[in-house]
1. Can you list residue pairs whose Cβ atoms sit under 7 Å apart, with the first residue in the stretch 139-159 being loosely packed, with under 11 Cβ neighbours inside 10 Å and the second being among the aromatic types (Phe, Trp, Tyr)? Count only pairs 6 or more apart in sequence or on different chains.
2. From the list Ile152, Ile194, Ile201, which residue is closer than 29 Å to Thr90 by Cα and either touching a strand residue (DSSP E or B) at 6+ places or on another chain (Cβ under 7 Å) or in a helix (DSSP H, G or I) (or both)?
3. Only residues that are under 25 Å from Ala136 (Cβ atoms) and in contact with a strand residue (DSSP E or B) (Cβ under 6 Å, 6 or more places away or on another chain): list them for the stretch 67-109, please.
4. Do any helices (runs of 4 or more DSSP H) lying entirely in the stretch 71-135 carry at least 1 residues that are of a type in the set (Ser, Thr, Tyr), and which ones are they?
5. With the requirement that a residue be touching a helix residue (DSSP H, G or I) at 6+ places or on another chain (Cβ under 9 Å) and without any contact (Cβ under 8 Å) to a residue 24 or more places away in the chain, what does the stretch 174-184 give you?
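The values are calculated or read from the model by the stated rules, or taken from the named source; none is laboratory data. Since we're looking at a predicted model, the values are computed, not measured. Backbone-built Cβ (ideal geometry, glycine too); neighbour counts: all protein chains shown.
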Amino acid sequence: MRTLEPSGVRSEGDAEVSGGDLRALVDEATAAAAAAAVADSGHASDDEDEELFPVGDSNYAACIDDNQWLVDRTKFIRRLMTSKKALLFTRPRRFGKSMTLNMLAAFLDVNNAGERFDQLFGHTWIGRPENEAFRAKHASKYHVLKLDFSGIPHASPDGFFEGFAEVLERAVDKFLVSYPAISIPPPRSPVSAISAIAVRIRARKGEVRGPRA
């Protein structure tokens with residue numbers, strides 16, 4: 001696992017980091033990682049060094065498993081989860097939006113408890129002793145339903161709604177594979193399945209609330 005923590009990422013209560021400042025921090029950290037990678041490998045082969053960087057790959061867990069270089073953005077996990085506002089990210093492509101969300105999903109996922117969590121976050125900011133109380137409350141405590149609408153066709157309303165439904169169907173199927181203890185018998189529509197998933201998770205946690213109308 002290779003991580004670099006950008007020194008300019010503020011903690012809670014500090015001023016917000018502007019997009020330009022964060023972009024500069026990421027560029028600086030990337031340059032430092034490149035220099036360290038060359039030093040580690042003892043050569044400057046572009047092809048081999050590029051394999052150390054997750055260019056175009058937003059799978060946080062896979063990047064950790066492959067021992068690639070990552071900027072440690074785990075400090076944003078606390079900020080994202082404690083924000084009382086709805087958040088909208090509008091940064092350009094390749095700015096780390098998907099990687100950050102996948103990092104958050106990996107942090108929350110109940111399937112990543114124990115040793116797996118230590119592999120993914122043990123050497124990051126969020127894995128430090130001072131964050132133990134926050135981890136005890138949130139880490140590996142949730143069933144995560146991932147929705148990716150980036151590939152939905154938008155040339156026509158019919159195509160959009162069909163693509164939207166397919167995304168929901170795939171997401172539900174993957175969710176049920178990831179969490180086999182939560183079963184939804186067929187036939188099921190995507191919307192009803194998501195509602196049923198919520199009911200079953202509440203039941204497993206001892207809550208008695210039914211689905212909202």
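1. Correct list of pairs: His154/Phe160.
2. Values: Ile152 fails: either touching a strand residue (DSSP E or B) at 6+ places or on another chain (Cβ under 7 Å) or in a helix (DSSP H, G or I) (or both); Ile201 fails: closer than 29 Å to Thr90 by Cα.
That would be Ile194, the only listed residue that is closer than 29 Å to Thr90 by Cα and either touching a strand residue (DSSP E or B) at 6+ places or on another chain (Cβ under 7 Å) or in a helix (DSSP H, G or I) (or both).
3. Across the stretch 67-109, the qualifying residues are Leu70, Asp72, Leu108.
4. Values: elements: 75-82, 97-108, 115-121.
In the stretch 71-135, the matching helices (runs of 4 or more DSSP H) lie at 75-82, 97-108.
5. Of everything in the stretch 174-184, those that are touching a helix residue (DSSP H, G or I) at 6+ places or on another chain (Cβ under 9 Å) and without any contact (Cβ under 8 Å) to a residue 24 or more places away in the chain turn out to be Leu176, Ala181, Ser183, Ile184.
Conditions tested, residue by residue: (1) in the same structural domain as Ala203 (by TED's automatic domain parsing); (2) within 30 Å of Leu176 (Cα to Cα); (3) at pLDDT below 90.
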position: Ser41; (1), (2), (3): no, no, yes
position: Glu50; (1), (2), (3): no, no, yes
position: Pro54; (1), (2), (3): no, yes, yes
position: Ala61; (1), (2), (3): no, yes, no
position: Gln68; (1), (2), (3): no, yes, yes
position: Ala86; (1), (2), (3): no, yes, yes
position: Arg91; (1), (2), (3): no, no, yes
position: Leu101; (1), (2), (3): no, yes, no
position: Pro129; (1), (2), (3): no, no, no
